[in-house]
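Since the structure comes first, as structure tokens, the remarks are kept for the end.
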Amino acid sequence: MIQKTASHVICVTNNPDWGPGRDGFEYVDGGPWGVFKRARDLVHGGWRFLAHPLYGNFNPMRHPYRTLLLESPSGGDRSVDMESFSMLEAALESCRAGMAKNYGGESGEAARRDFAKLDCELMRDALNRYCLWAPVIS
Amino acid sequence: MRLELHRARVKGIRWGSATALAGDGVLQVNRDELLALIREDGRFAGVDADLASPGDRVRIVPVKDVVEPRCKIEGDGEVFPGMIGDVETVGQGKTFVLDGAAVVTCGKIVGFQEGIIDMSGVGAEYTPYSVTFNLVLIFRPVDGIEIYEYEQACRLAGLKAALYLARSAHESGAAADRVETFELPSVPELLSAYPKLPRVAYLYQLQTQGLLHDTYVYGLDAKRLIATIIHPNETMDGAIVSGNCVSSCDKNSTFTHQNNPVISALYARHGVDLNFVGVIISNENVTLIDKRRSSAYAVKLARILGIEGLVISEEGFGNPDADLIMNCHRAEIAGIRTVLITDEYAGRDGASQSLADATKEADAVVSCGNANMIVELPKMDRVIGYTDYVDVIAGGFSGSLRADGSIEVELQAITGATCELGFTRMGAKTL
Amino acid sequence: MSGYRIVHYMNQFFGGIGGEESAGIKPESRSGAVGPGMAFSKALQGKAEIVGTVICGDGYFAENMDEAVEEVLRLIGEFKPDAVITGPAFNAGRYGTACGSVADAVGKKLKLPVVSGMYQENPGVDLYRKSVIIIPTSDNARGIKDAVPAMTNILLKLLSGEALGDPRTEGYLERGIRVNTFHPRSGAERAVDMLVLKMRGEKFETEYPMPVFDRVAPADPIKDLKGAKIALLTDGGIVPTGNPDRIEASSATKYATYSFEGVRSATSDLYQTAHGGYDPTYANQNPNRVLPLDVLRDMEDEGVFAKLHETWYTTVGNGTPVANGKKFGSEIGAQLKKDGVDAVILTST
Amino acid sequence: MVKEIERYGLPIVHICTIVPISLTVGANRIVPAIAIPHPLGDPTKTPEEEYAMRRAIVEKALSALQTPITEQTVF
């Protein structure tokens, strides 16, 4: 299998730290739930996750940012990719179960900044791999 | 490869003029000498050190890592290869262990830091580190330091302190109370030694999601590994070191990597009712292509070694469940019997789906407990570290830190509470 | 007057009022024990007494659940009980659901100890096992002589404030709640023990059973399509515009019944989607994309099958926990059977 | 839901997009649909084409209801 070049890859995120208007990025508001909902509609349309939606070791509802990486369906085949669908359902389930966390208070802003930075750190390699961040060297 | 662990029992800890282990088992530590060593790394604005003994009414928070003081006394290389010393292969000869002591690193790395160790009260029952004599290092970063750099500084400081304690105690003439010997020859020798016993290995998943979620093998970020073989003795000399300080209940501290209970359980039955052939380490990366590649490679290695049974442990929750289930499914399809070790996130009421993935082949699972269970931690007399983060702790929520100093929080915020190496005796059952 | 005050909830049949014809009666109460309550009184002798019985028709309860529960709770409260018994319902579907629902409400709202009893296949089990202590009973009323002592024993334990132990030893149905416990050996040792047993092919007990679903044998095919009455169901969430019965957007706790009378096609002026689990744009543009009424009406005119059943059923399927699915299925199935339907089409998104 | 209705001896066909889930919850006669947001339609097609696609699926469903089966079958 040849290393898949990014046929059509998009990154759905609500994290401002990625910087405005990057090619292949789709900014969504509505917190992690908003990002998952957009990814859900894509997966229903045959898109596939390239990175696990529950990346990082956080319950999604306790981490204000979510960055998801998906690849368009190849050719005309828009059938649902089962692996992506079950991962999506697990992620949505953990969203429903998790407590919406408020990040208010003094430590809130510092925590928010760190969450945003950590979200970028966690996903940079993956975006790098699929040419959404910097040209892939390796 | 043959390794002897020379364990000197530690029965107390206090500051003193020279770092040494007295005859009565009390570890004496020269505070200034220790702090001078740590402050050599210019990336700290401040370093402090404190002591906490089992039974003290003391809370340590936020905990980043826990390390057992060890040093080589005979044989190649030094403990924590590739982190402090060179990358010479370790796992042979003799290693001195301050048995019952631990170095605990503590301090703000990011705003939502976490990890609670209570030395007494309810919290003490849920962490393995309430029974060790803890030397706690508290760090304050230089302003404007980049997270990556500061995380590394804290990690290395913990390892240096642990090596310093062991080296000083050994050089002060501390004698071992007991010696444990671990020997596993080459695979051909193993197969001829126990031809009729079932060949068993341990598939050891390391957390490798990225910043604050990393694990290092001989100093190499395991994210860049493809599954490979490691000799169990190497783990006892700190070949695997934790850089993971998120979701403290099921991160594997360096202490648990040094004292991997699955490895000791397999050694204990080696030659009795199983043939412990070796350890395969694999990772838990973010992209699915990495997960599939590592899983396929790890199971292929097991088949090349003629493995018939695998214990598989994961580290973390959510996406690592996918690696665990992939590894289980592939191994069982290849005819290798598996047992999985995992913790559960079954919600505060215990009624939610525990894992984010499943397969019917996973018919043999050991649970290390539900990490969402809520516990009430009583007020402690003293806190080492900072408490203002508790309400932002994963597992905690606003209001978990009460005015009276008590904390209501999920087990998820207690260091090592549901460690997925099966380090503790906790489990879960269905009512 | 000795010991604890107990109120007993039962349906119109066990309350001696009547069978299916009295299923519509509203909640009412009687002082003292009634019907099966006599057996409970004997079993509770000296420790507790049934001071009152509340009776409600299964039909009324099923169709007016919220009001019925409220009224039943009010009547129960009037007796100032220390604990409540509901059922046993054996394998009666609607009665089991009512017993579970009342027990759930008593536990949550009145905060009283409560115990129920029913056959383990009763839909009420899956619906309420997580919040209610349910004693397994046989599937018919002859099992009363075993059910009463078992339920009484657990009730007295709850009243004494004793924590209930393992369901397998205490005799109540596993509630499916994961609780932490400490083992004599570490997780690692238990894992190696388990592997040795598994490799030898010997019996072992996993500590976390993977979720698994049971099967039902396929029904016989319809012999004569031309003479068949076909019913249409969906859990794709199509509802009349405005969602009159407020079906929830996810994990729906109810289903709704509507009529196709005088409707030729599921058009966007008449219907919409209430489903929260997918992009609603396309279903709202043309609800036939989920509820294929236009095609079925044409086929009916062409005589492909005899009749499209005028009544249709709808709910929201995403994340509908298995429990609700079981309840909806058993109630809708019973009704379709009664209406002489020969086969069913269920559409999902 | 499917299983409980079938317990009454009523043959039931499940038109759904995610076949594996239908198999898991125990449906016996399964007809794959087009897509989650529009299981019996396709907005990219003309209304006539869409109607024909919908009809084809419903016809397959009716034929499934007439087919004797012994185990879970995807038509």
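Coordinate-derived values only; no laboratory data. Note that this is a predicted model, so its numbers are computed, not measured. Ideal geometry is used to build each Cβ from the backbone, glycine not excepted, and the neighbour counts take in all protein chains shown.
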Between the Cα axis of helix C:187-200 and the main Cα principal axis of chain C, the angle (0 to 90°, nearest 10) is 70 degrees
Using eta = 1.306 mPa s and T = 10 °C, Stokes-Einstein with Kirkwood Rh from Cα pairs puts D for region C:1-98, in µm² s⁻¹, at 119 µm²/s
Close lysine pairs (chain B; alpha-carbon distance under 17 Å; 8 or more apart or on separate chains) counted at 8
Least to most buried among B:257, B:231, D:38, by other C-beta atoms within 10 Å and fewest first, runs B:231, B:257, D:38
On the formula 1/(1 + (r/R0)^6), with r taken between the Cβ atoms of residue A:29 and residue C:130 and R0 of 35 Å, the FRET efficiency rounded to 0.05 is 0.50
Any residue on another chain or 5+ positions along whose placed amide H is under 5 Å from the amide H of residue B:244 is listed here as B:214
Residue separation between residue A:41 and residue A:128 times 0.36 nm, minus their alpha-carbon distance, gives in nm 28.9 nm
Given unit charges at Cβ for Lys, Arg (+) and Asp, Glu (-), the dipole magnitude of region C:201-252 about its Cα centre in debye, nearest 20, is 440 debye
Going residue by residue through region C:297-312, the Karplus relation 6.51 cos²θ - 1.76 cosθ + 1.60 with θ = phi - 60° gives ³J(HN,Hα) values, rounded to whole Hz and with x marking Gly or Pro, of 4, 4, 4, 4, 4, 6, x, 4, 9, 6, 8, 8, 4, 5, 7, 10
Per GNM of chain B with C-alpha springs under 10 angstrom, the most fluctuating residue out of B:75, B:238, B:42 is B:42
Non-local residues with an amide H under 5 Å from the amide H of residue C:48, with H modelled 1.01 Å from N and Pro and chain starts lacking one, are C:4
Inverse of <1/r> over all distinct C-alpha pairs of region B:135-285, i.e. the Kirkwood Rh in Å, gives 17.5 Å
In order over region B:211-221: 3J(HN,Hα) from phi, Karplus 6.51/-1.76/1.60, θ = phi - 60°, whole Hz, x for each Gly or Pro, gives 2, 6, 10, 9, 9, 10, 10, 6, x, 8, 4
Extension length gain for residue B:149 and residue B:289 (0.36 nm per residue less Cα distance), in nm, is 47.5 nm
For B:384, C:222, B:289, ascending order of other Cβ atoms within 10 Å (fewest first) is B:289, C:222, B:384
Scoring only Lys, Arg, Asp and Glu (+1, +1, -1, -1) among other residues with Cβ under 12 Å from the Cβ of residue C:341 yields +1
Here the whole-number average of other chain Cβ atoms within 10 Å per Cβ of B:218-230 is 0
Here the Kirkwood hydrodynamic radius of region D:2-74, Cα-based and in Å, equals 12.9 Å
Rh_Kirkwood(region B:2-413) over Cα pairs, Å, one decimal, evaluates to 21.9 Å
Here, chymotrypsin sites (Phe, Trp or Tyr not before Pro) of region C:154-234 satisfying both criteria (DSSP loop; at most 13 other Cβ within 10 Å) are C:213
With only helices counted (DSSP H, runs n ≥ 4, each -39500 (n - 2.57)), the per-residue ellipticity at 222 nm for chain C, to the nearest 500, works out to -9500 deg cm²/dmol
Within the under-14-Å Cβ sphere about residue B:430, not counting residue B:430, Lys/Arg +1 and Asp/Glu -1 give a net charge of -1
Region C:2-18 scanned against label point 7 Å out from residue C:160 along Cα→C-beta; backbone N under 14 Å for C:4
Rounded to the nearest 0.05, FRET efficiency between residue C:142 and residue B:404 (Cβ-Cβ, R0 60 Å) equals 0.55
One finds the C-alpha centres of region B:4-57 and region B:324-387 to be spaced, in Å, by 34 Å
From the Cα centre of region B:213-262 to that of region B:176-205, the distance in Å is 20 Å
Once both label points are put 7 Å beyond Cα along the C-beta direction, the residue B:172-residue C:181 separation in nm becomes 4.6 nm
Taking region C:1-56, the whole-percent share of alpha-carbon pairs separated by over 15 angstrom is 44 percent
Between the modelled labels at residue B:15 and residue B:142 (7 Å from Cα along Cα→Cβ) the distance in nm is 2.6 nm
Residues whose modelled amide H sits under 5 Å from the amide H of residue B:49, counting only those 5 or more places away in sequence or on another chain, are B:138
The FRET efficiency for residue C:251 and residue A:109, from their Cβ-Cβ distance with R0 = 35 Å and rounded to 0.05, is 0.50
Residue C:220 and residue B:36 label points (each 7 Å along its Cα→Cβ direction) are spaced in nm at 9.6 nm
The answer for the per residue Cα convex hull volume of the protein assembly as shown, in Å³, is 191 Å³
P(r) over all Cα-Cα pairs of chain C, 20 Å bins from 0 to the longest distance, whole percent per bin, short to long, reads 26, 47, 26, 2
Rounded to the nearest 500, the 222 nm mean residue ellipticity computed for chain B from DSSP H runs (n ≥ 4, each -39500 (n - 2.57)) alone is -6500 deg cm²/dmol
Of all C-alpha pairs within region B:1-142, those more than 23 angstrom apart amount in percent to 43 percent
For chain C the mean separation of alpha carbon contacts under 8 Å (6+ apart) over residue count, i.e. relative contact order in percent, is 14 percent
Around residue C:300 (Cβ within 14 Å, Cβ-to-Cβ, excluding residue C:300; K/R +1, D/E -1) the net charge comes to -2
Partner shielding of D:46-54, as the mean number of partner chain Cβ atoms within 10 Å, equals 2
A student applying the Cα gyration tensor rule (rounded when a/c is under 1.5; otherwise prolate if a/b is larger than b/c, oblate if not) would label region B:161-237 oblate
